[in-house]
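S.K.: Before we start, here is the structure in question, set down as structure tokens.
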Amino acid sequence: MNMLSRKASQGCHGQDSSYFLGWQEYDKNPYHPIQNSTGIIQMGLAENQLSFDLLKSWLRRNPDIVGLKNDGVSVFRELALFQDYHGLPALKNELVDFMAKIRGNGIKFAPEKLVLAAGATPANEILMFCLADPGEAFILPTPYYPGFDRDLKWRTGVEIVPMHCSSSNGFRITSCALEQAYQQAQKLHLNVKGVLITNPSNPLGITMTKTELNDLVDFAIDKNIHIISDEIYSGTVFNSPRFISIMEVVNERISVNNTTSIWNRIHIVYSLSKDLGVPGFRVGMIYSNNETVVAAATKMSSFGLVSSQTQYLVANLLKDKKFTFKYMEETHRRLKRRKEMLVSGLRNAGIRCLKSNAGLFCWVDMRHLLSSATFEAEKELWKRILCQVGLNISPGSSCHCCEPGWFRVCFANMSEDTLKVAMRRMKAFTDSNISAVNDGNKRVHC
Amino acid sequence: MRLLSTKATCNSHGQDSSYFLGWQEYEKNPYDEVLNPKGIIQMGLAENQLSFDLLESWLAKNPDVAGFKSDGKSIFRELALFQDYHGLPSFKKALVDFMAEIRDNKVTFDPKHIVLTAGATSANETLMFCLAEKGEAFLLPTPYYPGFDRDLKWRTGVEIVPIQCTSSNNFQITEPALQQAYQEAEKRNLRVKGVLVTNPSNPLGTTVSRSELNLLIDFIKDKEMHLISDEIYSGTVYNSPGFVSVMEILKERNDLNDCGAQVWDRVHVVYSLSKDLGLPGFRVGAIYSENDVVVAAATKMSSFGLVSSQTQYLLSAMLGDKKFTKNYISENQKRLKRRQRMLVSGLQKAGISCLKTNNAGLFCWLRWSFGRRYSTEVRLNISPGSSCHCTEPGWFRMCFANMSEDTLNLAMKRLKAFVEESNDNRCSGFEDGAGSGLGWVSTSTFPPFSLTLTPEKNQTSTPIKERKTLQSQGGFRQVSTGPGDCHVRYASGSSVTPVAVKTLLSLRYPTWRPPDPFYN
């Protein structure tokens, strides 16, 4: 008899991809400006480390909050006992305000439609459990976040059907590609329950256009399926065009057409891990217009509630509107600056990036550095960059990109100086690469 | 095509049981010393509110920790970024040390074998995902924590097969009961992957004995299955015979060469700080297993419910303070013991006895023969044994650590007054919910009460099939019917007598005969 479940004993949790292997190499030999200046620079981690000084100064001004006090009175006891899966009302009120602000206050969100979960990771898994049975499928545009292979599929038994986007149109979603993915699912006898988009996109770093969103909504109406919009990077939009949420597009439709049933099939996932840079605090959420989904997801959140200690901290942080306004403004400014540093540094090395306006990374075109237009060549190039250049970047294949030669390079998880070092190394590599690019027999080991 | 999943639209999240219905009554009319002194006192919540002062005083002495500081230096950044599912090393070390201390250091735990999860709820579900496929089963001794019906089954598709325990031996697990449960599973074509016990037991409030633990290990060895020991209440043992963990038994047997290495791979412990430290809101749970594959898989699965790094850090400092933990563990147990004594003596004065082996947990397991009147007349919320899948009717769980001493005293006063008054009115009781007892309850005073008229089992009269509203005929409403059953609720202030009810029912259902005790 099988002692353990299949889930436990097989590698079906998607964690043997290069995404994670690069991480391991970095852990063995991490860069440090003084102690290990030849070490590997981590550029595969989509973290926002640019604005901790702002958060820390807020904490210094508000010692009572971390001390679990409210107006000098201890609320420790109440928080220690608070395990209501409906979440701390004060926090939910602040979160809906914050989400509305990120969307230019063009949409109003209702706190009772918000479900808290310990990060976007459980939020996405919960939505799978609520919307699909094992063996059913969701369409995801590629390239997509490698973690989805685990988060959406592992314990739920749900399948992912990729919808391939290409550089020919800037990796934009088209009705044609959506339809093609749907047909592919039919061929595989998979029942498609919805489409999951990440907007702004990881790894592309671009916000979706109104056209794309409308095409998506048309598609979802036609096929009678759900749309999940993972808007975890919505607060990292640092350039025009402005962020347009799926909710805005659907709201417009309803006021024009009165088509309400799609309303019930729109779900947003959000988290504070990227905007506020606090992934360790595990604050994620689902927003849904569908009462049944909200009710079921609320109960499922029992399996991953947000610590009440953290709920209290975040509620108070977001309540300080003056602070959050300044924080968002400053963070956007810093992200924009960093991105421009990366883009110009890469340009200097003869490398171009997809024009981006959001996220913590750029989608970098290194097709011209491949020895051949194959994924094998991409892997070779990735290994060379990891081991020779000493940069851990994420190969497009780990994001299921259909074109070899694209890489995701993060820019917000290191100091400016470190980024400069990385750019110097890249330039040195491409300079020498011009002579060595055909040296395909060279084997690279880390 | 169905819009949502089966899981989202079914009811197997177990949240429609009487456990939660009683809770709803409480929510509508909660006791408050000042604002609602006649309200329902919550005694259905297994929370430990007795030792917050100890935690608060530690926090006051260590303000830096909550302020994200370590040796005066801010570590906010490091904590904000820390989402490694291997957990904060200092916290894991402090936690395993704490777990060892609770077990009198008779067992030690390796931090490399512990997996942190957002509460025991998450830990238990994760173990199900790791150990069983959809459609396979775990055996659980009854009565068990109602939450298991959701936690173990809902999203995993795993089944629960009960191991029936009875009052004849204080609800201890026996060999015949284990075998019977296993055979029951076989009959239902369910492959059994293991046994899950809660030790100390919820709702019994007793520690599992050495002989039961040895029995369980023998059983899982023989059947080659797993044993999960949910030891969430391990720090709440306040009386002899003291807490014995399954790990201790394994160690003993290992020393005696009685069990092979394979058994070590199949025993897993679940723990949490929700009961011992009274911190359910902080979501700190853990799985401990010597099985490397289980630890590896569970670690990755913990991504779906990590413990906030802010909380890990706070507790790593608190539990790392050995002077504090030593004092906390013993003081907490002292207070629990005192509270339990208060409850037991209060119950005794009301002529109610609870399980005499009660030596742990935050509750007592007792017999109650007045049905729903605990809610309607005594105005206490207690948990019916039926919601814990107890096969014997009339057992209830009553919590004692989630209110102040004064409130507990008041609850005991109400209980005593009620029982005395009931005896005056010469009622005979009936069992709530699961029971099919014969008998009825009535008083001619307010407030509303329920009357269950259940014909004897051998009666062949036409069962009452329809649900009818009798409100217009005498001021009472028929609440629900099943074949042969009729639950009739009397409106407040009505002057209905049992004879009137009988007359009315006989008129409507001529072939139905009331049971003999009806005339009492």
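The values are calculated or read from the model by the stated rules, or taken from the named source; none is laboratory data. From a predicted model like this one, the values you see are computed outputs, not experimental measurements. All Cβ positions, even for glycine, are placed from backbone atoms using ideal geometry, and neighbour counts span all protein chains on display. All accessible areas refer to the heavy atoms of the entire protein, side chains included, with ligands and DNA or RNA removed. Shrake-Rupley method; radii C 1.70, N 1.55, O 1.52, S 1.80 Å.
S.K.: Return the sequence-ordered ³J(HN,Hα) values of region A:425-430 in whole Hz as given by the Karplus equation 6.51 cos²θ - 1.76 cosθ + 1.60 applied to θ = phi - 60°, using x for Gly and Pro.
M.R.: The phi angles translate into 4, 5, 4, 4, 5, 5 Hz.
S.K.: Rounded to the nearest 5, what is the percent of antiparallel bridges among the DSSP beta bridges in the protein assembly as shown?
M.R.: 55 percent
S.K.: While we're on this one: Going down the table (A:K299/B:K153; A:K274/A:K321; A:K28/B:K92; A:K113/B:K275), which pairs top 24 Å between alpha carbons?
M.R.: Listed pairs above 24 Å: A:K113/B:K275.
S.K.: Moving on. Just order B:306-319, B:371-384 by mean Cβ neighbour count inside 10 Å, highest at the front, would you? All intermediate terms of the calculation are to be shown ahead of the outcome.
M.R.: Numbers: B:306-319: 25.3, B:371-384: 23.4.
Ranked from most to least packed, the peptides come out as B:306-319, B:371-384.
S.K.: Highest mean first, what order results for B:25-38, A:236-249, B:172-185 on Cβ atoms within 10 Å?
M.R.: A:236-249, B:172-185, B:25-38
S.K.: Hey, got the average number of other protein chain Cβ atoms within 10 angstrom for residues in A:111-122?
M.R.: Average neighbour count from other chains, rounded to a whole number: 3.
S.K.: With charges only on Cβ, +1 for K and R and -1 for D and E, what is the dipole size of region B:131-194 about its Cα centre, in debye, rounded to 20? The partial results should precede the final answer.
M.R.: Numbers: 8 positive and 8 negative charges, 41 e Å.
Dipole size: approximately 200 debye.
S.K.: Give the accessible surface of chain A per residue, rounded to a whole number of Å², with probe radius 1.4 Å and ligands, DNA and RNA excluded. Don't skip to the end; give the middle numbers.
M.R.: Values: 16870 Å² over 446 residues.
The answer is 38 Å² per residue.
S.K.: Lys and Arg at +1, Asp and Glu at -1: add these up for the other residues within a Cβ distance under 11 Å of A:F361 and post the number.
M.R.: On the way: positive: A:K274, A:R338, A:K339, A:R408; negative: A:E47.
Once positives and negatives cancel, what remains is +3.
S.K.: Another question, if that's okay. To the nearest 0.05, what FRET efficiency results for A:S240 and B:D255 with a Förster distance of 56 Å applied to their C-beta separation?
M.R.: The value I calculate is 0.20.
S.K.: Rounded to the nearest whole Å³, what is the per residue volume of the convex hull around the Cα atoms of region A:312-385?
M.R.: On the way: hull volume 9.4 nm³, N = 74.
Per residue, the Cα convex hull of region A:312-385 comes to 127 Å³.
S.K.: Mind jotting down the distance between the C-alpha centroids of region A:192-244 and region A:284-311, whole Å?
M.R.: Spelled out, the Cα-based centre of one part sits 22 Å from the other.
S.K.: Quick one: Debye curve from the C-alpha atoms of the protein assembly as shown, no solvent, what's log10 I(q)/I(0) at q = 0.06, 0.08, 0.09, 0.10 Å⁻¹?
M.R.: Debye intensities relative to I(0), on a log10 scale: -0.49, -0.84, -1.04, -1.24.
S.K.: Give the residues of region B:40-80 whose amide nitrogen is closer than 18 Å to a point set 7 Å from the Cα of B:E331 in the direction of its Cβ.
M.R.: B:48-63
S.K.: While we're here: Can you give the charge dipole size of region A:174-306 about its Cα centre, rounded to the nearest 20 debye, using +1 on the beta carbon of Lys and Arg and -1 on the beta carbon of Asp and Glu?
M.R.: 320 debye
S.K.: How crowded by other chains is B:80-86, given as the mean number of beta carbons from other chains within 10 Å of each beta carbon? If you can, show how the numbers build up before the last one.
M.R.: Values: counts 14, 12, 4, 9, 1, 1, 0.
Going residue by residue through B:80-86 and averaging, the value is 6.
S.K.: I need the calculated FRET efficiency for the pair A:K321 and A:A110, taking r as the beta carbon distance and R₀ as 22 Å, to the nearest 0.05.
M.R.: 0.70
S.K.: Right, here's the next one. Check cross-link reach from B:K416 to the aspartates and glutamates: straight Cα distance under 17 Å, and skip same-chain residues fewer than eight apart.
M.R.: The qualifying aspartates and glutamates are B:E377, B:E405, B:D406, B:D424.
S.K.: For peptide A:275-288, what's the mean number of Cβ atoms from other chains within 10 Å of each residue's Cβ?
M.R.: Taking all residues of A:275-288 together, the mean is 4.
S.K.: Which cross-chain or sequence-distant (5 or more) residues have an amide H under 5 Å from the amide H of A:H164, H modelled 1.01 Å from N in plane?
M.R.: Distant-sequence amide H within range of A:H164: A:T142.
S.K.: Let me ask something else. For region B:366-421 and region B:159-210, what is the separation of their C-alpha centers, rounded to whole Å?
M.R.: Comparing the Cα centres of region B:366-421 and region B:159-210, I get a distance of 25 Å.
S.K.: Tell me, in nm to one decimal, what length is gained between B:E78 and B:T391 on full extension, where the rule is 0.36 nm per residue of separation less the Cα-Cα distance?
M.R.: That pair, B:E78 and B:T391, stretches by 107.5 nm at full extension.
S.K.: Might you report the magnitude of the Cβ-based charge dipole of region B:76-187 about its Cα centre, with Lys and Arg at +1 and Asp and Glu at -1, to the nearest 20 debye?
M.R.: Result for region B:76-187 is approximately 260 debye, rounded to the nearest 20.
S.K.: So what's the gap between the Cα centers of region A:49-110 and region B:141-155, to the nearest angstrom?
M.R.: Cα centres, region A:49-110 to region B:141-155: 33 Å.
S.K.: Considering only protein heavy atoms and a 1.4 Å probe, what is the carbon-and-sulfur percentage of the accessible area of region A:77-182?
M.R.: Numbers: 1700 of 3320 Å².
Ligands and nucleic acids excluded, carbon and sulfur reach 51 percent.
S.K.: Peptides A:345-351, A:381-387: what's the order by average Cβ count within 10 Å, highest mean first?
M.R.: Working: A:345-351: 17.6, A:381-387: 20.9.
The packing order, highest mean first, is A:381-387, A:345-351.
S.K.: Around A:E159, which amide H atoms from residues at least 5 apart in sequence, or from another chain, sit under 5 Å from its own amide H, with H modelled in the peptide plane?
M.R.: A:G135, A:E136, A:A137, A:F138
S.K.: Another question about this same structure. A:F171: net charge of surrounding residues, Cβ under 13 Å, Lys/Arg +1, Asp/Glu -1, itself excluded?
M.R.: 0
S.K.: Build a GNM of chain A with springs between Cα atoms under 10 Å: which of A:L68, A:L127, A:L50 gets the top mean-square fluctuation?
M.R.: A:L68
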